[in-house]
Each structure stands twice: as C-alpha cells, then as structure tokens.
Amino acid sequence: MNYELVEWSPKILVGLPNIDAQHRQLFDLAATFSGDGDQIRVLKSLAMLTEYVKVHLREEEQMMAACQYPGLEAHRQLHTEFRRMLFKLLENAKQMTLDEIADEVKFLINGWFYNHILVADFDYVPSVKAAATPRPMPTS
C-alpha cells in the first residue's frame with residue numbers, strides 16, 4: 001500500500017491531550033532519523049522508538065477498552081500490523097544502511113502511522129469523549 005509521506009501537523013490532533021502528545025512525540029522521534037551518525041546511535045534510537053510505540057499502542061487500546069469502543073478488535077489488528085512492520089525493521093536494521101533505516105522509519109511514521117491516525121484513531125475519539133462526559137443524574 002502506498003502512503004504519501006507527510007510531517008506532523010495540527011490536522012492529526014484528535015482532541016485527546018495525552019494521545020495527541022504521544023503522537024507528536026512519535027513524529028518528533030521519527031524526525032531524528034537521518035543518514036547521519038553512526039549505526040549504534042541509529043539502532044539505539046530505533047529501539048527507543050519501538051519501545052515508545054509499544055507503550056503508546058498499549059495505552060490507546062486500554063483507553064478504547066475502558067470506553068467499550070465497538071471497533072477495538074479491528075483497531076488492535078491494525079496495531080498488530082504496525083508492530084510487525086516495526087519489529088521487522090528492527091530485525092533487518094543491522095543489514096541496512098543508515099539512509100535505508102531512515103527511509104523505513106519515515107514510511108512507518110510519516111506514511112502508515114499518519115494515515116492510521118486520520119482514519120482509525122479519529123474513529124474511536126467520539127466513543128472515548130462520550131464515555132468521559134458526565135451523564136446527568138436521573139431525577140425522581
């Protein structure tokens with residue numbers, strides 16, 4: 001599947017401050033990848049990105065479960081696909097050039113992940129916000 005590469009923008013703010021901050025940090029981490037530097041630094045950064053993604057996806061899934069979001073299982077499958085792509089990159093990175101690693105990270109975050117936010121993440125936001133809105137107490 002082809003994705004246009006884009007940078008972080010306010011267009012992908014979902015309106016949930018914690019999630020928006022995590023998304024922004026993922027894009028900031030992806031922006032640090034370039035063909036500059038040494039292989040060790042790049043691999044450490046890639047491992048850090050992988051760990052951050054694991055935490056973010058877990059927290060997002062817990063939030064959806066807490067509000068009983070009906071699309072949770074389908075969303076989990078998308079997260080599983082993303083994890084698989086990221087772990088594959090981590091496994092292959094030792095045989096890749098720094099430029100190839102940077103290109104893959106840009107594709108994953110600025111391509112796949114950006115589009116995931118615009119489609120899948122925006123879909124769960126109304127459920128999360130509705131669950132967080134206090135309901136009026138019934139009157140007798």
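None of the figures in this text is laboratory data; all of them are computed from the coordinates on show. The structure presented is a predicted model; accordingly, all values stated were derived computationally and were not measured. Here the Cβ positions follow ideal geometry from the backbone for every residue, glycine too, while neighbour counts run over all protein chains shown.
Worth pointing out:
- Remark on the chain: hydrodynamic radius 16.2 angstrom, per the Kirkwood mean of 1/r across alpha carbon pairs.
- In this label model, ARG24 and ASP123 are separated by 2.7 nm, measuring between points 7 Å along each Cα→Cβ vector.
- Rounded to the nearest 10 degrees, the angle from helix 72-92 to the longest Cα principal axis of the chain is 10 degrees.
- Note on the chain: Lys pairs 8 or more places apart or on different chains, Cα atoms under 24 Å apart, count 13.
- MRE, 222 nm, helices only [DSSP H, n ≥ 4, -39500 (n - 2.57), over the chain, to nearest 500]: -20000 deg cm²/dmol
- Protection proxy ranking, peptides 74-84, 99-109, average beta carbon neighbours within 10 Å, highest first: 99-109, 74-84
- Note on the stretch 17-132: with charges restricted to the Cβ of Lys and Arg (+1) and Asp and Glu (-1), its dipole about the Cα centre is near 220 debye.
- Signed unit charges on C-beta, dipole axis of the stretch 17-132, positive-most listed residue ILE101, SER45, GLY111: SER45
- Angle in degrees between helix 17-31 and the longest Cα principal axis of the chain, rounded to the nearest 10: 10 degrees
- Computed from Cα positions, the angle between helix 39-66 and the longest principal axis of the chain comes to roughly 10 degrees.
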